[in-house]
Structures are given as structure tokens and as C-alpha cells.
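Here the structure is laid out as C-alpha cells; the discussion comes afterwards.
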Amino acid sequence: MIDVITKIFCALLCGFIITYLSIKILNLNNNLKKHLISSVLMGAIIYFSYFVNYNSEALILKIIIFIITLKTTYKLTTYKSVIAILITMFIMAICEIISSVVAVNFINAVEARSKWYFILIFNILICLLMVAIIKIPFLSKKITYTIDKTEERKKFSTLILLGLSMIIIVYLLYNLSVNYNWNEKYLITILIMISYIIISFIFFKEKLEYNMLEEKYDALFDYFSEIAESIDDLNLTTHEYKNQIAIVSNYIDNKKYKKAKDYIDSMTMSINKDEILLVNLTDIPTGGLKGLLYYKIVVSKKQKVEIVLDVGKNIKKIFKKLSENEIKIVTRIMGVYIDNAVSEAQKRNKIVNIEIYKLEEQLFFTISNKVDKNINIKNIGKKGFTTKGKGHGKGLYLVNRLISRNRWLNSENKIINDYYITKLIVDTKNIGS
């Protein structure tokens with residue numbers, strides 16, 4: 001009788017913890033009724049699928065049923081249901097390893113899964129460890145953030161990767177159960193699992209950093225788009241101002257000085273000092289890229305760096321072949337390239353040259369600035385490499401990842417006469433391929 005009660009209690013406890021972790025991971029709204037239903041259903045699944053001997057196929061089937069239960073109870077998308085359960089199982093696997101390393105010193109596998117008091121102790125231990133892990137500051141928020149920010153086209157690959165990872169971990173847990181003593185196979189399995197968990201953690205951390213950088217540039221893109229609209233408004237204002245000057249000139253020619261003075265007094269706008277810059281930006285379509293260039297040029301002046309912008313003619317047509325999202329990607333990349341160039345120019349001749357031009361179906365963005373002639377360009381773009389100091393080195397690495405994922409983009413870099421030249425190439429023929 002005590003065995004049955006213990007197993008029911010442990011099943012319900014684990015069902016509650018799985019539901020609790022899923023709620024934290026997905027940041028679901030408080031709904032006590034749904035939480036209770038999910039906890040009881042998960043507990044029932046665990047109770048009726050319990051085996052004394054570890055069965056990897058049964059655990060995989062159990063995970064699939066968990067996913068269906070979560071999806072049905074909370075009316076979630078398949079993606080969110082799968083992600084929540086797989087991450088929960090991943091955390092549970094970590095706790096299983098910890099409890100296994102502790103238990104193997106005192107009892108064998110059969111005792112751990114058949115004696116009621118051992119079942120109770122180790123289930124409570126595993127559940128407490130799972131709660132402790134999800135309570136790590138910001139962990140659940142960052143997991144939720146990564147899930148929400150994953151692009152639609154990347155969801156399938158993320159699911160496949162997590163699914164394969166879970167299958168690997170399930171079979172590694174099976175190896176632990178059949179080699180439940182301090183021997184070579186047990187140690188190798190533990191080391192493999194720890195290594196796999198570390199690799200998965202690094203992957204998740206990079207994905208989180210990448211998503212955070214993307215969000216940062218999305219916010220900047222919207223801001224730069226607003227700047228670009230302001231620039232176009234300013235161009236119209238400048239044009240209107242010239243018309244007003246013509247009116248004043250006509251008054252003066254006709255010796256209507258009082259009217260000329262009154263008209264001048266009524267004019268509230270002044271000629272923009274950056275009119276030449278505005279002319280250079282005319283051929284770049286309104287949007288984030290135009291705003292970015294204007295913003296970087298203005299900000300660099302405050303940093304005592306002059307950006308010399310040269311925009312070729314007849315580039316409007318080729319820009320029209322790019323979608324808003326493709327322009328957004330180009331804007332992100334150019335933002336990183338310009339920041340790096342300005343940072344280097346501050347140490348040297350205070351000049352950055354930017355050229356934008358087209359050749360046939362290709363659009364070229366070339367940025368050049370003076371650098372240390374001893375710099376090894378092979379290291380540029382590698383994760384962690386930077387000339388700015390600690391805390392930098394992620395921008396170019398993430399930019400290179402962005403370029404590698406889009407076949408219509410390519411980049412080149414070289415040093416000529418102490419000038420570092422970066423070239424971003426947009427090949428419109430490969431867009432959509």
C-alpha cells in the first residue's frame with residue numbers, strides 16, 4: 001500500500017513540477033484550473049508509464065504525450081509546446097545526473113527505482129533541483145525571450161536540434177541506468193552528458209546574444225527610419241525655403257523693402273548647414289539605411305571623425321529590388337562596419353570613407369579607414385577578437401553569421417597602404433534563392 005501511495009504522490013509532484021517549469025519557460029498567465037488539470041494529467045502519465053527497469057522508448061513516448069497534453073490544456077502552438085517540454089526534460093536530465101552521481105555511492109539501480117523510500121527521496125531531490133535551476137536569476141526570462149524572438153523560418157531547425165538532443169540524452173540516461181556503478185562506462189557516459197550539456201548551453205547563450213543584437217538593431221532601424229523621413233521633410237523644407245528666398249528677392253528688385261523685411265521676419269526655418277550631406281543621401285530610399293548613414297555622420301562629427309560619403313548615381317533602381325527586411329539586414333551590417341571604422345579612425349587620421357555604388361546587378365558598400373599595419377585581418381570576424389578592449393568583439397562575429405545565412409550577401413576585407421577596406425556586396429540576382 002505504501003508503495004502505491006508513494007508512487008502516486010511522486011507522480012503528482014513531478015507532474016506539478018513539469019507544469020510549473022513549462023509555465024515559467026513560456027511565461028503563461030495564471031490560470032489555476034488549467035494548472036491543476038495539466039499537473040494531474042502529467043502525473044497520471046508518469047504513474048501509468050512507470051517501470052522499475054529504465055525504458056528509453058517509453059520515456060520518448062512519454063515526452064510526446066507531455067507535449068500533446070500541454071498543447072491541448074493551454075491551447076498553445078506546437079512550437080511552444082515542444083520547446084517548453086524539451087527544455088523541461090533537459091533540466092530534468094541535468095538533475096537526474098546529479099542525483100545519479102549521489103545515489104550510485106549508496107544503492108543500485110533496482111533499489112533506487114523499487115524501494116518506496118528511495119523513490120520518494122530521489123524524486124523530491126530531483127524536483128527541488130529543477131525548481132532551483134529555473135529560479136536562477138533571469139534564466140526563465142531569457143529562455144522565454146529566446147523562444148518569442150525565434151524567427152518563423154528558424155523554428156523548424158530549432159525543434160529538430162532540440163528533438164535530436166533530447167533523444168541523445170534519453171539514451172545516455174539509459175546507459176547510466178544499465179551501468180549503475182562506478183565503472184569506466186558509467187564515467188564515460190557522465191562525461192559525455194556533461195560535455196553535451198555544456199555545448200548546448202554555449203549554443204543557447206550564442207542564440208540569446210544573437211537575438212538580443214537583432215532586437216537592438218531592429219529598434220535602431222525603426223529609429224533610423226524616422227530620421228530618414230525627417231531628412232526627406234527637411235529636403236522639402238529647404239526647397240520651399242528657396243522659393244521663399246525668390247519671393248524676397250522679387251520684393252527687393254521692386255524696392256518693396258518693407259514687404260521684404262516683413263516676409264523675412266515671418267520665415268521661421270533656416271537653411272540646413274548639412275545641405276550637401278542631404279544631397280548625397282537623396283538617391284538612397286527613405287528608410288533605416290538612410291537614417292543610419294545620416295545619424296552616424298552627425299554623431300561621428302561629435303567624436304571628431306569626418307565621414308566622407310560618396311553615393312553613386314542610378315542606385316535607386318537596384319535598391320527597389322530589396323525588400324524592407326533585406327534593407328534591414330544591410331542596415332544592421334553597415335551599422336557594425338561604420339562603428340568599427342569610426343572607432344579605429346579616432347586613434348589615427350579621423351577620417352572614414354564610405355562609397356555606395358552599383359555595378360550591373362550588384363550593389364557595393366565600401367568602407368575604408370586607417371589601421372595598424374600589423375593587424376592580422378584573418379582574425380577579424382572571429383568570435384572574441386577585438387581591438388577595442390574587453391567586452392567587445394561580438395559585432396563582426398554576428399555580422400559574419402548574418403552574411404553566411406543570406407546567399408545574396410558577400411563581404412571582402414583587405415589592407416592597402418595602411419587602409420583597412422571593408423566591402424559589402426549585395427547581389428540582387430541571388431535574392432530569393
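Just so it is clear, none of the values below were taken in a lab; they were calculated from the coordinates. Only a predicted model underlies this, so the values are computations on that prediction, with no experimental measurement involved. Because the Cβ atoms are built from the backbone with ideal geometry, glycine has one as well, and the counts that use them run over all protein chains shown.
Quick check on the exposure proxy: order TRP116, TRP182 from fewest to most C-beta atoms within 10 angstrom. Present the calculation step by step, with values, prior to reporting the outcome.
On the way: TRP116 16, TRP182 11.
Placing the least packed residue first, the sequence is TRP182, TRP116.
Using the Cβ atoms and a cut-off under 12 Å, what net charge is assigned to the surroundings of ILE134, where Lys and Arg are +1 and Asp and Glu are -1? List each step's numbers first, then the result.
Numbers: positive: LYS24, LYS135, LYS141, LYS142; negative: none.
Around ILE134, the surrounding residues sum to +4.
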Any of LYS317/LYS414; LYS350/LYS414; LYS142/LYS296; LYS71/LYS142 with alpha carbons more than 24 Å apart? Name them for me. LYS317/LYS414; LYS142/LYS296
Could you go through segment 191-200 in sequence order and give the Karplus-derived ³J(HN,Hα) for each residue, using 6.51 cos²θ - 1.76 cosθ + 1.60 with θ = phi - 60°, rounded to whole Hz, and x for Gly and Pro? 5, 5, 5, 4, 4, 5, 5, 5, 4, 5
Fewest-first ordering of VAL40, VAL342 by Cβ atoms within 10 Å yields VAL40, VAL342
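What percent does the relative contact order of segment 2-182 come to when contacts are Cα pairs within less than 8 Å and at least six residues apart?
Details: 166 pairs, mean separation 57.5, N = 181.
Relative CO of segment 2-182 lands at 32 percent.
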Near the amide H of LYS115, under 5 Å away, which other amide H atoms are found, from residues 5 or more places off or on another chain, if H is placed in the peptide plane? none
Please list the non-local residues whose amide H lies under 5 Å from the amide H of ASN410, H modeled 1.01 Å from N, same-chain partners needing a gap of 5 or more. ILE425, ASP427
